[in-house]
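Asks: Pasting a structure here, questions to come.
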Amino acid sequence: MLYGLDSSKFANINEAVRDNQQLIDELRAFLLDKRYLIVIDDIWGEDTWEIIKCAFPMSDLGSRVITTTRITSVAQACCPSSGDIIHKMKALDTDDSKRLFYKRIFPQGSECPLELERVSREILKKCGGAPLAIITIASLLAGNDQQIKTKDRWDSILSSIGRGLAEGGTAKDMQRILSFSYYDLPSHLKTCLLYLTIFPEDYEINKDRLIWRWVAEGFIQGGEQEIRLFELGERYFSELVNRNLIQPIVFDVEGRAGACHVHDMVLDLICCLSSEENFITILDGTKQIKNNSDSMVHRLSFQNNMSGLTTHSLDATSMSKLRSITLFRTDVDLIQALSRFKFLRVLDLEGCNLSESSHQIDLRYVENLLHLRYLGLRNTRVSAFPMEIGKLQFLQTLDLRTVGSMEVPSSVVRLGHLMCLHVGGGTRLPAGIGNLVTLEELNTVTMDGTDAIEKEIGKLAELRVLELWWEGDDESACNSLLLSLSNLKKLRSLMIYCVEEARLDATWDSWVPSPHLHTFLFGNCTSTLPRWMNSSLFPVLSCLYIKVNRVRPEVDIQILGKLPALRSLDLATSRAQLTPVERFIIGDDAFPCLRECGFYNFQMWPCMFPQGSMPRLEYISFYARASRIAGGDLDVDMQHLPYLQKVDVALWYEENCLPAVQKAVDMLALAFDAHPNRPILRWQRTSLPKEVVEEEEPAAGMTVSDREGEAVVFQSQFYLLTSAEVGHQESKPSWRR
């Protein structure tokens with residue numbers, strides 16, 4: 001909680017041992033002069049509340065605390081004052097229960113067949129209006145192929161539920177209902193689900209991290225010839241989501257989850273099952289869940305603060321079957337015998353601060369863990385790494401995204417089974433990286449333009465994901481890089497960001513990117529939109545970020561608007577650009593799939609897009625001159641965007657014209673109030689310099705005929721401002737999310 005309140009002040013809160021009173025004092029001091037609203041979820045005991053409440057200082061600032069619990073006596077303990085209110089959540093009524101149940105099972109728009117109505121009523125009665133129980137049972141009855149399960153299957157589920165929750169059922173009864181979903185899983189998904197008990201309660205589990213760990217543990221076995229292990233893991237993850245056993249979060253524009261939570265009731269169930277099967281052993285600072293014998297421990301998870309276990313030593317000789325160690329910002333002094341766990345497959349220290357002397361782990365011992373498949377050192381502040389990491393011949397995932405720079409040892413090029421390599425920004429790879437022919441993910445690598453690494457990248461034919469910073473300004477090295485990129489036929493996600501000022505437009509225009517790209521970030525490489533940017537070359541491109549020196553709205557927007565699958569677009573200029581557009585021609589079918597877009601550092605307004613274009617747009621960010629809005633020169637109506645939910649506006653203003661900013665904001669607010677969705681408006685003001693420098697070569701007579709086969713000629717004039725003049729600085733590309 002303290003870290004969430006102030007991440008800089010409490011950056012190392014988990015690295016020092018503190019008792020309850022010290023934590024209470026820290027929180028009280030932080031909240032003392034503040035008005036706050038705090039929600040504390042799922043309190044199980046009155047004694048727990050008696051400790052928690054001590055952290056909240058009494059004041060007359062109007063602060064509030066909301067608690068949730070399943071236990072009436074705990075709720076009463078949380079509300080000792082006459083003004084406190086207990087709100088008892090009601091179960092779903094019959095109609096809402098049916099609506100939730102049927103929506104999950106039957107195809108959209110279809111109704112429950114007559115022969116299933118009676119059994120569905122009986123099932124819902126036993127669910128007792130509990131949404132989790134309803135969704136769990138519905139997930140068992142929902143077919144992946146839109147085929148409705150047989151009535152015999154429905155009757156079988158009904159008879160298995162027992163008395164359910166309608167007759168005063170307890171948490172154990174809920175677990176019984178949830179267990180049906182677990183036992184209905186195929187064996188490989190049962191294993192993957194139980195593995196989630198490694199992560200603490202309410203932990204945000206990154207999908208990619210989870211899948212690569214599944215791969216390292218051997219839970220994902222190759223099936224179809226063309227399906228890679230990671231892609232198969234994505235299917236496993238989606239299946240657990242579809243069965244409502246994990247809760248997806250952090251969605252991209254295609255609706256794909258980047259992480260997940262586990263509902264606490266589901267976590268309780270799988271923790272019990274995991275303990276029974278000696279699958280995972282959890283050690284934390286308040287309780288110790290141990291299997292019957294250390295010799296049966298397969299996977300260790302150190303959770304929360306380990307102050308209560310600092311005297312506990314891990315006996316490597318008695319844990320001969322230990323295959324996995326995971327720490328969550330805990331006291332790493334417990335791992336004194338690291339080098340003796342010779343059969344480890346997974347060592348994940350993500351988030352542990354290994355830079356402080358009291359917390360050091362000598363990573364030289366890692367080179368002796370010859371069976372290691374997964375090594376996670378993200379955010380560990382490690383600055384040095386063992387030179388002999390090349391001994392780890394079975395290593396598949398290596399995450400070196402530590403805080404600060406790190407030199408990657410030259411022996412990394414001998415890791416013949418490596419599939420995923422993450423390094424921090426500014427990290428350079430050693431010569432010979434082309435030997436890692438099994439690599440599927442590589443980010444974020446820095447290339448210095450010396451031609452060597454640029455040539456080797458082309459040997460990594462299995463790459464799906466590549467992120468690179470290019471510091472070169474040499475045309476020959478750029479040609480080598482483009483030749484290598486042309487060899488990467490399996491790329492799905494590509495980021496290229498040029499750090500130098502040089503713009504090699506002619507060289508980059510000669511490149512033809514992979515048509516299989518779904519995500520593409522292309523920053524500061526060319527002065528204008530590259531010639532190969534057209535719909536025929538990017539049939540499946542979903543997410544696009546482009547940053548250039550200047551844009552030509554009349555041409556560029558027309559080209560980008562024809563990308564058939566584009567859902568997210570960021571278009572930015574490296575220098576502020578004022579562009580009075582005389583004519584703007586774009587079809588009413590432009591951007592058919594776009595959900596969110598941002599136009600940064602140049603003027604582009606929603607009113608310039610005709611009715612029918614951007615029909616699915618939910619979010620837009622743009623720049624505009626406040627005086628043009630305030631003077632009525634710019635139409636701020638956005639009702640032609642029917643799905644619009646949120647708008648960010650940067651308002652340029654001239655010196656001594658601050659009133660125009662407020663008038664522009666008022667006019668925008670009125671327009672948004674008139675929109676059926678009442679979108680959220682966020683705005684910021686950005687000052688214009690005193691002098692506007694006209695571009696030397698105004699864009700006149702530009703055509704898109706050579707790209708799209710549709711000639712359109714325009715007359716326009718551009719004005720450019722340096723980023724320093726408007727107080728805008730961007731040192732690295734970043735996605736809006």
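Every number in this text was worked out from the coordinates using simple rules, so none of it is lab data. Because the structure is predicted, anything quoted here is derived from the model rather than measured. Virtual Cβ from ideal backbone geometry, glycine too; neighbours counted across all protein chains shown.
Asks: Once the piece of chain linking ILE66 and ALA461 is laid out straight, how much longer is it, given 0.36 nm per residue of separation minus the C-alpha distance between them? Intermediate results must be reported in sequence, preceding the final value.
Replies: Values: separation 395, 0.36 × 395 = 142.20 nm, distance 5.39 nm.
Length gained between ILE66 and ALA461: 136.8 nm.
Asks: Pop out the Kirkwood hydrodynamic radius of the range 196-283 from its pairwise C-alpha distances, inverse of mean 1/r, in Å to one decimal. Display every interim value, and only then the final one.
Replies: Details: mean 1/r = 0.0719 Å⁻¹.
Final number for the Kirkwood radius of the range 196-283 is 13.9 Å.
Asks: Follow-up question, since we're still on this one. What distance in nm lies between label points placed 7 Å from Cα along the C-beta direction at TYR102 and GLU254?
Replies: Taking the two extended label points, one gets 3.4 nm.
Asks: Pick out, from PRO113, THR69, MET89, the residue whose Cα sits farthest towards the positive end of the charge dipole of the range 10-116, with +1 on the Cβ of Lys and Arg and -1 on the Cβ of Asp and Glu.
Replies: Most positive-ward Cα: PRO113.
Asks: For a quick protection proxy, order the peptides 241-254, 462-475, 673-686 by their average other-Cβ count within 10 Å, most packed first.
Replies: Numbers: 241-254: 17.4, 462-475: 19.1, 673-686: 13.3.
The peptides rank, most packed first, as 462-475, 241-254, 673-686.
Asks: Same structure, new question: Rounded, prolate or oblate: which one fits the range 41-105, using the alpha carbon gyration tensor with axes a ≥ b ≥ c (rounded when a/c is under 1.5, else prolate when a/b beats b/c, else oblate)? Provide the component values of the computation, followed by the final result.
Replies: On the way: a/c = 2.85, a/b = 2.34, b/c = 1.22.
Taking the square roots of the gyration eigenvalues as a ≥ b ≥ c, the range 41-105 is prolate.
Asks: Another question, if that's okay. Counting residues in the range 539-694 as N, plug N into 2.2 N^0.38 Å and put the Cα Rg over that result. It would help to have the intermediate numbers written out before the result.
Replies: Values: Rg = 15.1 Å, N = 156, 2.2 N^0.38 = 15.0 Å.
Ratio of Cα Rg to 2.2 N^0.38 Å: 1.01.
Asks: Here's something else I'd like to know. What length, rounded to one decimal in nm, is gained on full extension from LEU670 through to ARG340, with 0.36 nm per residue of separation minus their alpha-carbon distance? Each step should come with its number before you reach the end.
Replies: On the way: separation 330, 0.36 × 330 = 118.80 nm, distance 6.85 nm.
Full extension of this stretch gives 111.9 nm more.
Asks: Taking the highest mean first, how do the peptides 42-55, 261-274, 81-94 order by number of other beta carbon atoms within 10 angstrom per residue?
Replies: Details: 42-55: 14.6, 261-274: 19.1, 81-94: 9.1.
With the highest mean Cβ count within 10 Å placed first, the list reads 261-274, 42-55, 81-94.
Asks: For LYS172 and ARG682 in the same chain, what is the full-extension length gain: residue separation times 0.36 nm, less their Cα-Cα distance, in nm? Don't jump to the answer; show the numbers that get you there.
Replies: Working: separation 510, 0.36 × 510 = 183.60 nm, distance 4.70 nm.
Result: 178.9 nm gained on full extension.
Asks: While we're looking at this one, here's another question. From the phi angles alone, apply the Karplus equation (6.51, -1.76, 1.60; θ = phi - 60°) to the range 646-654 and give each ³J(HN,Hα) in whole Hz, x where the residue is Gly or Pro.
Replies: 8, 9, 10, 10, 9, 9, 6, 9, 7
Asks: Another question about this same structure. Using label points projected 7 Å from each Cα along Cα→Cβ, tell me how many nm separate ASP19 and SER527, to one decimal.
Replies: 7.0
Asks: Among 535-543, 342-350, how do they line up from the highest to the lowest mean number of other beta-carbon atoms within 10 Å?
Replies: The most tightly packed comes first, giving 342-350, 535-543.
Asks: Taking a ≥ b ≥ c as the square roots of the eigenvalues of the Cα gyration tensor of the range 49-166, is the shape rounded (a/c under 1.5), prolate (a/b larger than b/c) or oblate? Walk me through the numbers on the way to the answer.
Replies: Numbers: a/c = 3.43, a/b = 2.80, b/c = 1.23.
Prolate.
Asks: Turning to a different aspect of this structure: Mind giving me the FRET efficiency for ARG364 and ASP637? R0 is 56 Å, r the Cβ-Cβ distance, nearest 0.05 is fine.
Replies: On the way: r = 66 Å, r/R0 = 1.17.
Between ARG364 and ASP637 the formula returns 0.30.
Asks: To the nearest 0.05, what FRET efficiency results for ASP155 and LEU5 with a Förster distance of 30 Å applied to their C-beta separation? The partial results should precede the final answer.
Replies: Working: r = 52 Å, r/R0 = 1.75.
Between ASP155 and LEU5 the formula returns 0.05.
Asks: Now for a different question. Starting from the 7 Å offset along Cα-to-Cβ, what nm value, one decimal, do you get for the label separation of HIS516 and LEU483?
Replies: Going by the 7 Å Cα→Cβ label model, 2.3 nm.
Asks: Would you mind getting me the FRET efficiency between LYS663 and ARG35? Use the beta-carbon distance for r and R0 = 41 Å, nearest 0.05. Kindly include the intermediate steps, with their values, before the conclusion.
Replies: On the way: r = 32 Å, r/R0 = 0.77.
The value I calculate is 0.85.
Asks: A follow-up question, please. Based on the alpha-carbon gyration tensor of the range 348-457 and its eigenvalue square roots a ≥ b ≥ c, which shape applies: rounded if a/c is under 1.5, prolate if not and a/b is larger than b/c, or oblate? If you can, show how the numbers build up before the last one.
Replies: Details: a/c = 1.94, a/b = 1.34, b/c = 1.44.
In terms of gyration-tensor shape, oblate.
Asks: On to the next question. Mind putting a number on the dipole of the range 1-103 about its Cα centre? Charges go on the C-beta only, +1 for Lys and Arg and -1 for Asp and Glu, and I need it in Debye to the nearest 20.
Replies: Details: 13 positive and 16 negative charges, 94 e Å.
Charge dipole of the range 1-103: 460 debye, to the nearest 20.
Asks: Something else now. Note down the net charge around LEU61, summing +1 for each Lys or Arg and -1 for each Asp or Glu among other residues with Cβ under 12 Å from its Cβ. Intermediate values should be presented prior to the final figure.
Replies: Numbers: positive: LYS34, ARG35, ARG64; negative: ASP33, ASP60.
In short, +1.
Asks: Taking 27 Å as the cut-off for C-alpha to C-alpha distance, list the pairs among LYS321/LYS459; LYS88/LYS126; LYS459/LYS562; LYS98/LYS207; LYS490/LYS646 that go past it.
Replies: Details: LYS321/LYS459 38 Å; LYS88/LYS126 20 Å; LYS459/LYS562 33 Å; LYS98/LYS207 32 Å; LYS490/LYS646 35 Å.
LYS321/LYS459; LYS459/LYS562; LYS98/LYS207; LYS490/LYS646, as the Cα separations exceed 27 Å there.
Asks: Here are some pairs, LYS151/LYS190; LYS172/LYS342; LYS53/LYS172; which of them have Cα atoms lying more than 32 Å apart in this structure? Provide the component values of the computation, followed by the final result.
Replies: Working: LYS151/LYS190 26 Å; LYS172/LYS342 40 Å; LYS53/LYS172 29 Å.
Pairs exceeding the cut-off: LYS172/LYS342.
Asks: Another question about this same structure. Place a label point 7 angstrom from the Cα of SER238 along the Cα-to-Cβ direction, then list the residues of the range 615-646 whose backbone nitrogen is under 15 Å away.
Replies: Under 15 Å, as judged by backbone N against the label point of SER238, lies no residue of the range 615-646.
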